[in-house]
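What follows is one structure encoded as C-alpha cells, with my remarks underneath.
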Amino acid sequence: MLRAASRVFTVLRPPPSRALHALRQPPRSLLAASARPPPLPSTLVLLCRFNSTVKLPPADKPKPSISSILQKNNQGLSSFRKVVALAVPERNGLLIAVGLLLVSSAVTLSVPFTIGRLIDFFSSPNPQIPFGLGIWQASGLLVLLFTVGAAANAGRATLMRLAGQRIVARLRRRTFTASLRQDVEFVERGEGDVLSRLSVDTSIVGESVTNNLSDGLRAVVMSSVGLAAMFYTSPTLTLLMLAMVPPVSLGAVFYGRYIKKLSNKTQEAVGDMTKVASESLSALRTVHAFNANEQEEKKFNDRIQTILSLARKEAIASGIFYGSTGWSGNITVLGLLGYGGSLVSQGVITVGDLTSLLLYTVYVGNGLSMLTYSSIMRAIGAGARVFEVLDRQPLIPLHSGIQLAPERRGTIKFDHVHFEYPTRKDVKVLKDFNLEVKVGETVAIVGESGGGKSSIHSLLLRYYDPNHGRVTFDGQDIREFSASSWRDIIGVVPQDPVLFSGTIAENIAFGDNATREEIEDAAREANCEFIWGLPEGFDTRIGRLSLSGGQRQRLAFARALLKKPAILALDEATSALDATSERRVNDAIDRILRSRQTTCIFVAHRLSTIARAERIVVLEGGRIVESGRYRELVLGGKERGERFRSLMAAQLSAADTSVTMGSEKEKGEGEWEQVGGEEEVVVEGKPQKS
C-alpha cells in the first residue's frame, strides 16, 4: 500500500526514456536548421555542460533578454497550438472517444469508494448494503459496472488509435508536399534530416495528439474527481498530501524542458546517423570497390556513440527525477498513514475511509502521471521540426509569377551574372558572366572541371537565382515567371540521369501526361531501340541501377524530347554512349532542333559533340574567355582559340594520344582540318577521326 500510494507524488511523471527508442524508429536519413528549444532554467545549468569554447566568468556571460525569452516561449506555445489543431479533422471520433473516456473513468473512480465501503461492511457488527441489495445482487451489479467500463475503455483506445494513424498519414502527406515545394538547396543540404522529420517526427506528433490527448483528458477527470472524493473523505489529509505537489511539479517542469532539449538533439543525431547509412548503402558498389567498409562503419559508429551519449544524459536526468519524486512520495505517505491512523483511533474517520483515501491518492497520482509533461515537450520539439518544413516559404516559389505559354520562344540572355552557392559563399563560381543565345541556336559550353559550366544550367533551371545580374528570356527576367511554367519549357538531360522505380514508359513520361504513341515516338527519336528487345517492352519494370549508363542516358533523352521543349539543356548527355549511338542521337537532336526552333545549351567534353555546336564558348574563372564557331577557334591562330585548342589537346593527351598543337608556321604537325564534313585531327602525321 505504501509503495502504491506514493505514486501520487510522481506528479507529471514522464514515461520511460525514449532516447534509445529512437534507434528503433523507421530509417531517417533528412538537413536544415532544427527548431531550437526554449532556454533551460538556471537550476538545470548544472545538468548540462556549457558548450562554448570561450570560458567567461559568470558575471560576464550574456543574459537573455526578457523579449527573447518570451519569444522562445511563444514559439513553443505556437507549436503546441499547431499540434492540438491537428486533431480538429478528427473531432467527431475524438468526441465519441471522450464520452467513452468519461464512462470508463467514472467506473474506475468508483473502485476506491467500493473497497472502502466493503471494508467497513465486513468490519461492522451490523453490516448493511446500500439500497437494500443482497450480497449477490451487489456483486452482480459491480461485475456489470466493470464490464461496461472495460468496453468503454476498449472503444476509447480503438478510436484514439485510428484517429492517431489518420493524423500521422495526413501530416506526412503535408510534410512531403511541402518538402517537394522547397528549394533544391534546402533539401540537398540535409536530405537525411528532411526524411527524419517525415518519418519519425510525424509519428511522435501523431502519438502526442492522440495518446497524450487521451491520457491528458483521463488525467484531468481522474485527478479532479479523485481530489474531490479525497476532500469529501478528509480535507485535512488531502491538504497534507497536496503540500508536496508544488515542489515536485516544479521539478517536473524543469525536467520536461531538459528532456525537450535532449530530444531535439537526439532526433538531429538520428537524422545524421540515417544520412550516413543512406549514403553508404546507396553507394555500396563504390564502398566495395575501394574496400571502404571499415571507414563507413567507423562513421556510422561515431553517430551511434553520439546518440548513446545523449541517451546517457537523459538516463541520468531521469534517474535523478524519479529517485527524488519516489523518495518524496514515500516520506509523505508515511506521514499520511501516521496522521490518518491517529484520526482513525479518534473516530474522526473509519478504516474504510482511510483505505479509500489512500486508493484515491494512487488514482490521482496515476492521473497526474498521465500528463507526461516530458512527452508533451518531446512532441512540441518534434512538432516544431515538422512545422518548420510546413511553414517554410521557398525562396523560389513553384507557382508564383507569370504563367509562361509552352509555345513561346525567345532569346536567352545571361546579363552580368555573378553567382556563388549558398553553402560556399566564399567561392565565386560565375563572375560578370554574359551570354546571349538566340532562338534555335546551339551553344556548347566548354572549360575545365569546376569552372561553373553546370552552374549555368542550375541558374537556367532556376534551382538557384543569381546573386547579382539576371537571366532573361525573350527580354523578360525569368524570375517574373512561375518556376513551374518556366521549367515546363525546358528539357533536361543530366550527366547521371535518375530513373525511378517503375516501368520504362513511366520513366519516359515522367512529369508529363503522354500517350503511349508519343512515348514510343520519343524513344525512337532518342535511339532507344533496346526497349523493343526487352521481354515486356515499355512495360518492363526497372530500378535505379538495372540499366547500363548508355541506356539510362538514352531514356533521359527520350524523357526530355517528349516535352517538345523550347530549350534543351544537356550536361555531358552523351558521355556514356558509344560512338555509333552518340552519332545517331546527335543526328536526331539536330533534326529536332531545326524542326522545332529549339534552343540548345549543352556542356560537353567530347570533341565530336562540341564540333556540332553553332557556337562554342570557353569558360574560365567564371567568365567567357573565348567564343566562336568550331572552325574559327581551331584555325584562329594565337590570336583566337588558343585556350580552346589547349583544352582539346589535353583531352586527347588524356586518351593516351600524343597531340602537338602547332602554330600556323608549324602546319602539318598539329593542324585541325575539315575533311568530308567531319573534323579530323592530325596526330603524329596521321588523320584521326574525332
On the basis of being of a type in the set (D, E, K, R), crowded, with 16+ Cβ neighbours inside 10 Å and either touching a helix residue (DSSP H, G or I) at 6+ places or on another chain (Cβ under 6 Å) or assigned by TED's automatic domain parsing to the domain that holds L100 (or both), does R257 make the cut? yes
Residue under question is I396, and the condition is that it be at pLDDT 75 or above and either surrounded by fewer than 23 Cβ atoms within 10 Å (Cβ to Cβ) or over 30 Å from T114 (Cβ atoms) (or both); does it hold? yes
Members of the range 316-365 that are part of a helix (DSSP H, G or I) and in contact with an Asp or Glu (Cβ under 6 Å, 6 or more places away or on another chain): G352
Looking only at the range 316-337, and only at residues there that are modelled with pLDDT of 85 or more and either closer than 23 Å to D120 by Cα or exposed (fewer than 14 other Cβ atoms within 10 Å of the Cβ) (or both), the one that is nearest to the chain's Cα centre (by Cα): I316
Condition first: within 29 Å of D272 (Cα to Cα) and in contact with a Ser or Thr (Cβ under 6 Å, 6 or more places away or on another chain). Now tell me which residues in the range 316-329 satisfy that. S318
Considering each residue of the range 414-433, count those that are buried (at least 20 other Cβ atoms within 10 Å of the Cβ) and either of a type in the set (S, T, Y) or outside any loop (DSSP other than H, G, I, E, B) (or both), and give that number. 5
Quick one: what pairs do we get from the range 517-535, first residue more than 15 Å from E506 (Cα to Cα), second among the aromatic types (F, W, Y), C-beta under 9 Å, 6+ apart or different chains? E525/F557; A526/F557; N527/F557; W532/F538
Would you mind telling me which numbered condition in (1) under 29 Å from the mean Cα position of the chain (by Cα); (2) surrounded by 21 or more Cβ atoms within 10 Å (Cβ to Cβ); (3) at pLDDT below 90 A526 fails? (1)
All but one of (1) within 28 Å of the chain's Cα centre (by Cα); (2) modelled with pLDDT of 75 or more; (3) farther than 22 Å from L390 by Cβ hold for I96; state the number of the condition that does not hold. (1)
Inspect the range 569-581 for any residue being modelled with pLDDT under 85, of a type in the set (G, A, S) and surrounded by fewer than 16 Cβ atoms within 10 Å (Cβ to Cβ) and give the result as yes or no. yes
Would you check which residues across the range 399-413 are of a type in the set (A, V, I, L, M, F, W, C) and buried (at least 17 other Cβ atoms within 10 Å of the Cβ) and list them? L404, I412
Of everything in the range 595-629, what is buried (at least 22 other Cβ atoms within 10 Å of the Cβ) and in a helix (DSSP H, G or I)? Give them in sequence order. T609, I610
Being modelled with pLDDT of 80 or more and not polar (S, T, N, Q) is the filter here, so list the residues in the range 180-193 that pass it. L180, R181, D183, V184
Which residue pairs have Cβ atoms under 7 Å apart, sit 6 or more places apart or on different chains, and have a first residue in the range 245-259 that is closer than 10 Å to T325 by Cβ and a second that is surrounded by fewer than 17 Cβ atoms within 10 Å (Cβ to Cβ)? G251/S324
Got a sec? Which of T423, T442 is of a type in the set (S, T, Y) and touching a Cys at 6+ places or on another chain (Cβ under 9 Å)? T442
Is there any pair linking a residue in the range 111-136 that is within 22 Å of T361 (Cα to Cα) to one that is aliphatic (A, V, I, L, M) and at pLDDT 80 or above, with Cβ under 6 Å and at least six apart or on different chains, and which? P112/L359; I119/V351
Of the residues in the range 204-242, those that are surrounded by 18 or more Cβ atoms within 10 Å (Cβ to Cβ) and not in a loop (DSSP other than H, G, I, E, B) number 27
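The values are calculated or read from the model by the stated rules, or taken from the named source; none is laboratory data. This one's a predicted model, so the numbers in the text were calculated from it and none came from an experiment. Quick reminder, even Gly has a Cβ in these numbers, built from the backbone with ideal geometry, and neighbours come from all protein chains shown.
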